[in-house]
Amino acid sequence: MIKTSIITVCLFVFGFGFGQNLKAKDSISNELSEVVVTGTKKTFINKNGNIKVDVANSIYNSIPNTIDLLSKLPNIQISSDREHLSVIGRGNPLIYIDNQKVGMNDLNTLSVDDIKTIEIINNPSSKYEAEGRAVILITRKFSKKEGFQMAFSEVASFKKAFNNYLGVNTSAKKKKLEIKTNFNYNQLNPWESHRINYEIPDQDIISNYLVATNPKKPKFIFGSGLFYKINEDDYFSFNVNSRMQKENFGISTHTYNKNGDTQNNVLTLSSNKDTRNFISSFINYSKKIKAIESQLFTGFQYSNFNQNTKSSVSNNYNNTQFELSQNRNQKFHVDVFSARADLEKTFKNGMKWEVGGLYLSAAAGTGFESFDFENNNTISSKYIFDEQNASVYVQFSGTVKKVGYSFGLRAENTLISGQFANDSAALINKNYTNFFPKVQFDIPIDSSKTLNVSYSKSISRPDYSSTSQNTGYINPYFIYSRNINLDPTISNEMAANFNYKDKSVRLRYYQNSNPVYSSFSYDDQQNIMTLKPINYEKESGFNIEFTLPFSYKSWSSTNSISSTINKIEDPTALYNESKPYLYVYSNHQLKVSDFTFLLTGWGLTQQKEGVFERNAIFIMDFALSKTVFKHWDWTLSCNDIFKNMIYTEKFKINAINSNSTYYSDVSELSISVKYSFGKIKDSSYKEKNIDENSNRIR
């Protein structure tokens, strides 16, 4: 069925071309006080291989949360635990809201109703800093009329359980001052499940487990900000947003374990209490220095994340009785402060010179305490992690004989220390400096054709929580663990992009050193298997991607096809053959009167990437939207119609064979209602990036 569905999507891509009517109407008073233009905007715009999506004026504005919205865009993949996102063939991207660097926690505090556009940038400049081979740039929407605006939204979502999203957004502008606030209450009941089967032939061990949970997650989201325009060139802004989440939930795990002649069937039950609080705030100031005709930006940002998890675990061996196994109490917090300055100047010949610097300080702490009922002992520890990062960059861009150019260089020095509280010496002590060049040329062939060639070097650092000591108890034989010894991944990439009007083809070759993937290790003394992230030796690949929009009358279609061959290697893992795999995305919109129909399908063929083998998958979504009266919008959505969102992964490492399956609760029927009133004008609200590592706060 999956293969047939993928062929169907391919036929969509090559067999149809659809479009939109553009209607304009001028309303001109006798005094020529206002010109009103109405019409249908393109939802997707492709320029030089970068895709820009109009969210505010499309059916995407009705999606209940930002993570689900991103999952419907071309080339973007959301992990099964919804804690990470990636771009096909490019890994984890940088995420910006306006000019502010953010992470997954920030995305969870952003209301979809605030989003104007989302752009997927394939070759970010040095100004975007060195971390990431792609950028997802989210621009928030603001009206252009002074006054007050408010919007209420309600989304009823039916998955395996009922979920509800309630939101209120307000905007107010008076002369030079503009204020925005948002409040959301989400009552979430996600179902989560996965299974892992593994074998250790040398130890005569066979084991498998199936774990499931259905937690209740009430989530409160709040955001507020102000923007003050001092004069035509200068402004000051302040913003704060937060997310509070508290949940009580149970986890059940069915396990079969065979170790030699000993066999056990174990049912593990755990009761858990978890709280997570996130807050981020920043202050920006922009000043035009007229003496040298340049623009100076300065800013400060502070972010804090706290998580506390208490668990009580019981095991039932071979259908006898439940006995307490462990009581666990784990705490994690991270505080990040950063300050930056940017200066840019444009010369008379059109050349732009940009220079800037950033200082970041992060302090994280992990507290772990566990009482083992079987051995009647307590284990406790406290791990402290500190990181300082100082970076500077310079970039030149301009045009010579119609050929555009951009040269950038970024230098970063990083200091890292990690130490257990009871140890006299640091366990981790790193001090390294890296240089990250980026070069791009834009060569116009004629008025409709352009060639872009580029080279870039980038870095990807682990999340702060990935370098903690926390663990997850699955059953008596299996735990999840973090890795305090993770190193960053360094990437080198060369690319060429050919654009013909709104269609493009892009070729890329990349090499990654120290990529991070999962690994197993077995402790034969305690009979415990551990799954944790490690640095693999290397990764390399080649990718070719076609972006093909079509249009015909009131139907529009945006399509993306890419073929990738990716090779992951490590001496401890069994290397299998790497084969090309295909990714296909096709989006179709039809506008009929006040109705908008949306059909989206995407698929991946089987992926063989040297060490890992993953399954083929095909997903199809449908939505219908209608504007009722003037201020009401109604949307009916059906996601993952065929219930195919199941991931499988096979690999062998350290003489351990693993076969994993991850189930996702994304098959959904939802009804969205939005009511808005009021309007604002002459908005100038802006934000600027301060913390370039906030995507690691989790």
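Odds and ends about this structure:
- Flag for ALA421 being free of Cβ contacts under 8 Å to residues at least 12 places away in the same chain and among the small types (Gly, Ala, Ser): no
- In the set LYS116, LYS127, LYS145, only one residue is at pLDDT below 75 and part of a strand (DSSP E or B); that residue is LYS145.
- Count of segment 264-286 residues, restricted to those that are buried (at least 16 other Cβ atoms within 10 Å of the Cβ) and among the basic types (Lys, Arg), is 1.
- Subset of segment 392-421 (residues that are assigned to a strand (DSSP E or B), more than 26 Å from the chain's Cα centre (by Cα), under 22 Å from ASN452 (Cβ atoms) and not β-branched (Val, Ile, Thr)): GLN395, PHE396, SER397, GLY398, GLY404, TYR405, SER406, PHE407
- Applying the criterion of being touching a His at 6+ places or on another chain (Cβ under 7 Å) and open to solvent by 60 Å² or more (accessible area, probe 1.4 Å) to the residues of segment 634-678, the residue that is farthest from PHE148 (Cα to Cα) is TYR663.
- Positions within segment 589-621 being over 24 Å from the mean Cα position of the chain (by Cα) and either of a type in the set (A, V, I, L, M) or closer than 15 Å to PHE44 by Cβ (or both), in sequence order: GLN589, LEU590, LYS591, VAL592, THR596, VAL611
- The residues on offer are TYR509, TYR500, TYR552, and the sole one that is out of contact with any Phe, Trp or Tyr (no Cβ under 9 Å at 6 or more places or on another chain), surrounded by fewer than 16 Cβ atoms within 10 Å (Cβ to Cβ) and among the hydroxyl-bearing types (Ser, Thr, Tyr) is TYR500.
- Residue within segment 166-175 that is open to solvent by 30 Å² or more (accessible area, probe 1.4 Å), under 20 Å from SER637 (Cα atoms) and under 25 Å from the mean Cα position of the chain (by Cα) present: yes
- Within the option set SER370, SER381, SER397, SER391, being of a type outside the set (A, V, I, L, M) and open to solvent by 30 Å² or more (accessible area, probe 1.4 Å) holds for one residue only, SER381.
- Qualifying residues in segment 63-94 (those that are in contact with a His (Cβ under 8 Å, 6 or more places away or on another chain) and open to solvent by 30 Å² or more (accessible area, probe 1.4 Å)) - the one farthest from LEU548 (Cα to Cα): SER80
- Among the residues of segment 208-219, the one identified as farther than 23 Å from THR253 by Cβ and loosely packed, with under 15 Cβ neighbours inside 10 Å is PRO218.
- Listed conditions (1) at pLDDT below 90; (2) surrounded by 16 or more Cβ atoms within 10 Å (Cβ to Cβ); (3) touching a Gly at 6+ places or on another chain (Cβ under 9 Å) are all met by ILE205, apart from (1).
- Within segment 617-633, the residues that satisfy the criterion of being surrounded by fewer than 21 Cβ atoms within 10 Å (Cβ to Cβ) and in contact with a Leu (Cβ under 6 Å, 6 or more places away or on another chain) are ILE617, PHE622, LEU624.
- ILE179 being farther than 28 Å from GLY250 by Cα and open to solvent by 60 Å² or more (accessible area, probe 1.4 Å): yes
- Test: LYS101 is modelled with pLDDT of 80 or more, basic (Lys, Arg) and open to solvent by less than 70 Å² (accessible area, probe 1.4 Å): no
- From the list ASN349, ASN375, ASN431, the one residue that fits, being within 27 Å of THR489 (Cα to Cα) and open to solvent by 50 Å² or more (accessible area, probe 1.4 Å), is ASN431.
- Subset of segment 435-473 that is out of contact with any helix residue (DSSP H, G or I) (no Cβ under 8 Å at 6 or more places or on another chain) and part of a loop (DSSP other than H, G, I, E, B) - its residue that is least open to solvent (accessible area, probe 1.4 Å): SER468
- Filtered residues of segment 569-588 (kept if over 16 Å from ILE88 (Cβ atoms) and not in a strand (DSSP E or B)): ASP570, PRO571, THR572, LEU574, TYR575, ASN576, GLU577
- Filter pass, THR547 being open to solvent by 50 Å² or more (accessible area, probe 1.4 Å), β-branched (Val, Ile, Thr), in contact (Cβ under 8 Å) with a residue 60 or more places away in the chain and in contact with a Ser or Thr (Cβ under 8 Å, 6 or more places away or on another chain): no
- Being surrounded by 14 or more Cβ atoms within 10 Å (Cβ to Cβ) and within 28 Å of the chain's Cα centre (by Cα) holds for only one residue in SER294, SER325, SER303, and it is SER303.
- Among the residues making up segment 241-263, those that are in a strand (DSSP E or B) and open to solvent by less than 30 Å² (accessible area, probe 1.4 Å) are ASN241, SER242, ARG243, GLN245, GLU247, THR253, THR255, ASN257.
- Flag: ASP487 matches the condition of being open to solvent by 50 Å² or more (accessible area, probe 1.4 Å), in contact (Cβ under 8 Å) with a residue 12 or more places away in the chain and among the acidic types (Asp, Glu).
- Taking segment 567-588 as the range and being open to solvent by 70 Å² or more (accessible area, probe 1.4 Å) and within 26 Å of the chain's Cα centre (by Cα) as the test, the residues that pass are LYS567, PRO580.
- Number of the exception - PHE278 against (1) farther than 30 Å from TYR209 by Cβ; (2) out of contact with any helix residue (DSSP H, G or I) (no Cβ under 9 Å at 6 or more places or on another chain): (2)
The values are calculated or read from the model by the stated rules, or taken from the named source; none is laboratory data. Note that this is a predicted model, so its numbers are computed, not measured. Cβ sites come from the backbone with ideal geometry, for glycine too, and all protein chains shown count toward neighbours. Keep in mind that these areas ignore ligands, DNA and RNA; they rest on the heavy atoms of the full protein, side chains included. Shrake-Rupley method; radii C 1.70, N 1.55, O 1.52, S 1.80 Å.
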